[in-house]
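Below you'll find the structure, written out as structure tokens, and then a few comments.
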Amino acid sequence: MNFTIDNIPFGIFSINNNQKRLATIIDNFVVDLYELAKLGYFNELKIKKSVFKNDYLNDFIGIGKTKTNAVRKRLQEILREEHIYEGEAFYDVNSVELHLPIKIGDYTDFYSSEQHATNVGMMFRDPANALLPNWKHIPVAYHGRSSSIFVSGKNFHRPKGQINKDENKLPIFVPTSRLDFELEMATIIGKSNEIGESIDVHDAEDYVFGFQLLNDWSARDIQKWEYVPLGPFLAKNFFSSVSPWVITIEALEPFRVEAEIQNPTVLPYLQEKKHLNFDIKLEVILQAKGVEELIISQSNFKNMYWTVAQQIAHHTVNGCNLNIGDLLGSGTISGKELNSFGSLLEITWGGENSIILPNGAERKFLEDYDTIIFKGFAQKSGVRVDFGEIRTMILPTK
Ligand code: CA
């Protein structure tokens, strides 16, 4: 990982279970923002010091983009001056504990990668009509559950559930044997809209604080039996993982790229003057216990049919209110090639094929003690913005 001066993300850390504080990271140094506030570095910005001594980033985000961007700029000034990071405000990242940075309110998960929606449609429904008729008109989503979202490093036990392997028999209750990851990005909402007020697609990015990596863990056998007619429930809500640092949307400015042309033309409220995505490289690594790491997917955030601005405009078009700290999942981000698919369901084509691990073992879905690692970064003309990683191990069923 390479946290540069161009990045300056925000997170929450603690030492020896003491009070949590806001932080940024540069190289391998976690920088204590409360300590810097006490030393007077942010005095001219007139921010209450208590904002920096907090369990979550939400209060900080609530002071507004003008001030949070000013803090980020001030940090870049300070950290450019400090060639050697020392003193009370700097900690080796390996000596601190990183926490879930956002008190997540509502969690919405979109389904915005065309290749992913096509792959799943082919496997779960009809190969000839993989995309449902609404898909290119609506950024399809469902409301998920925020209580079970945890930060990188927190592991979980293989969930149990109802599975119906044979349509002619009754369902059974067993541990899932089709445990999977979903490679996604999380958008963190940084400003609320009033109930009844829609957010214009051209204003939508003002409502984005930043982004994290997101793993929307999924149990495919539970999903297949339960998802009709109302969509995902217990196949998804047992656990989700995010990376510890929130990368601001401002840090991603250099990495904008043209988004895929949308055909047919979308309705006027979804039409953008500039239809842009972000070029962020994403990687999934599988590490079985005692086995070398294996890269199993390389995708990119730019592989999204619907932009984040369109997702927000659509989410609020009926007057639904978003709040600071809401999390919008992008949906699984699959590219067009097999090695860029964002889930094992797609990589092994529903378990028809296997991945071969470096020790010769095979995987169709995840086994106990497998670790899944997500990484992400953007890089262009010497500017690098790293997302860090999510690292999660599957534990046996409880
Ligand atoms: Ca998902």
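Spelling out what I want: for every residue of segment 372-380, take phi, set θ = phi - 60°, compute 6.51 cos²θ - 1.76 cosθ + 1.60 (Karplus), and round to whole Hz; glycine and proline get x.
10, 10, 9, 10, x, 7, 10, 8, 7
With every protein chain present, what is the per residue accessible area of segment 1-55 (1.4 Å probe, Å²)?
Here the per-residue accessible area is 45 Å².
Taking the Cα atoms of segment 302-398, what is the range of coordinates along each of the three principal axes, in descending order and whole Å?
51, 42, 27
In the structure displayed, which of 20/380; 191/375; 136/191; 165/302; 20/73; 236/336 lie more than 31 Å apart, Cα to Cα?
On the way: 20/380 34 Å; 191/375 27 Å; 136/191 28 Å; 165/302 36 Å; 20/73 23 Å; 236/336 24 Å.
Distance filter (> 31 Å) returns 20/380; 165/302.
Regarding segment 138-227, what whole-number volume in Å³ per residue does the convex hull of its Cα atoms give?
159
Along each of the three principal axes of the Cα atoms of segment 15-163, give the extent in whole Å, ordering the values from largest to smallest.
Its Cα atoms span 63, 36, 28 Å along the three principal axes.
Taking every alpha carbon pair in segment 114-169, what does the distance histogram look like in 5 angstrom bins from 0, in percent?
Result returned by the calculation: 4, 12, 13, 15, 16, 20, 14, 6, 0.
Straight-line reach only, C-alpha to C-alpha below 17 angstrom: list the aspartates and glutamates that residue 169 could link to, leaving out same-chain residues fewer than 8 apart.
221, 226
Where the centroid of each part is defined by its Cα atoms, how far is segment 313-379 from segment 135-210 in Å?
Cα centroid to Cα centroid, the span is 11 Å.
For segment 248-291, what D do you get in µm² per second when you plug the Kirkwood radius from alpha-carbon pairs into Stokes-Einstein at 4 °C and 1.567 mPa s? All intermediate terms of the calculation are to be shown ahead of the outcome.
Details: Rh = 13.8 Å.
My calculation gives 94 µm²/s for D.
Normalised radius of gyration for segment 93-136, please: alpha carbon Rg relative to 2.2 N^0.38 Å, two decimal places.
Values: Rg = 18.1 Å, N = 44, 2.2 N^0.38 = 9.3 Å.
For segment 93-136, the normalised Cα radius of gyration comes out at 1.95.
As I understand it, the dipole of segment 145-218 uses +1 on the Cβ of Lys and Arg and -1 on the Cβ of Asp and Glu, about the Cα centre. Which of 181, 170, 202 lies farthest toward its positive end?
170
For the chain, give the percent of accessible area contributed by carbon and sulfur heavy atoms, probe 1.4 Å, rounded to a whole number. Each step should come with its number before you reach the end.
Details: 8920 of 17910 Å².
C and S fraction of accessible area: 50 percent.
Write down the accessible area per residue of segment 253-398 in Å², having rolled a 1.4 Å probe over the full set of protein chains.
Values: 6260 Å² over 146 residues.
I get 43 Å² per residue for this part.
Any idea what Rg and Dmax come out to for segment 186-259 if you just take the C-alpha atoms, in Å?
16.5, 44
What do the square roots of 5 times the Cα gyration tensor eigenvalues come to for the chain, in whole Å, largest first, as semi-axes of the equivalent ellipsoid?
In descending order the semi-axes read 35, 26, 19 Å.
From zero outward in steps of 5 Å, how is the percent of C-alpha pairs of segment 1-67 spread across the bins?
Binned Cα distances yield the sequence 4, 17, 25, 27, 19, 7, 1.
Given the rule -39500 (n - 2.57) for each run of at least 4 DSSP H residues, summed and divided by the residues of the chain, what is its mean residue ellipticity at 222 nm, to the nearest 500 deg cm²/dmol?
Details: 7 runs with 59 residues, N = 398.
Only helices count here, giving -4000 deg cm²/dmol.
Angle between the Cα long axis of helix 65-81 and the longest principal axis of the chain, 0 to 90 degrees, nearest 10?
Tilt of helix 65-81: around 70 degrees.
Evaluate E = 1/(1 + (r/R0)^6) for residue 160 and residue 318, where r is the Cβ-Cβ distance and R0 equals 35 Å; express this FRET efficiency to the nearest 0.05.
Values: r = 36 Å, r/R0 = 1.04.
After rounding to 0.05, the efficiency reads 0.45.
What is the helix-to-structure angle for 114-124, meaning the angle in degrees between its Cα long axis and the longest Cα principal axis of the chain, kept from 0 to 90 and rounded to the nearest 10?
That helix lies at roughly 30 degrees to the long axis.
Between residue 88 and residue 398, 0.36 nm times their residue separation minus their Cα-Cα distance comes to what? Before the final figure, lay out each step's value.
Numbers: separation 310, 0.36 × 310 = 111.60 nm, distance 4.21 nm.
Answer, rounded to one decimal: 107.4 nm.
Please compute the Kirkwood hydrodynamic radius over segment 239-346, one decimal place, Å, based on all pairs of different Cα atoms. Don't skip to the answer; put the middle values down first.
Details: mean 1/r = 0.0617 Å⁻¹.
Its Kirkwood hydrodynamic radius stands at 16.2 Å.
The values are calculated or read from the model by the stated rules, or taken from the named source; none is laboratory data. Keep in mind that what you see is a predicted model, and the values were worked out from it rather than measured. All Cβ positions, glycine included, derive from the backbone under ideal geometry; neighbour counts span all protein chains shown. Surface accessibility is based on the protein's heavy atoms, side chains included, excluding ligands, DNA and RNA. Shrake-Rupley method; radii C 1.70, N 1.55, O 1.52, S 1.80 Å.
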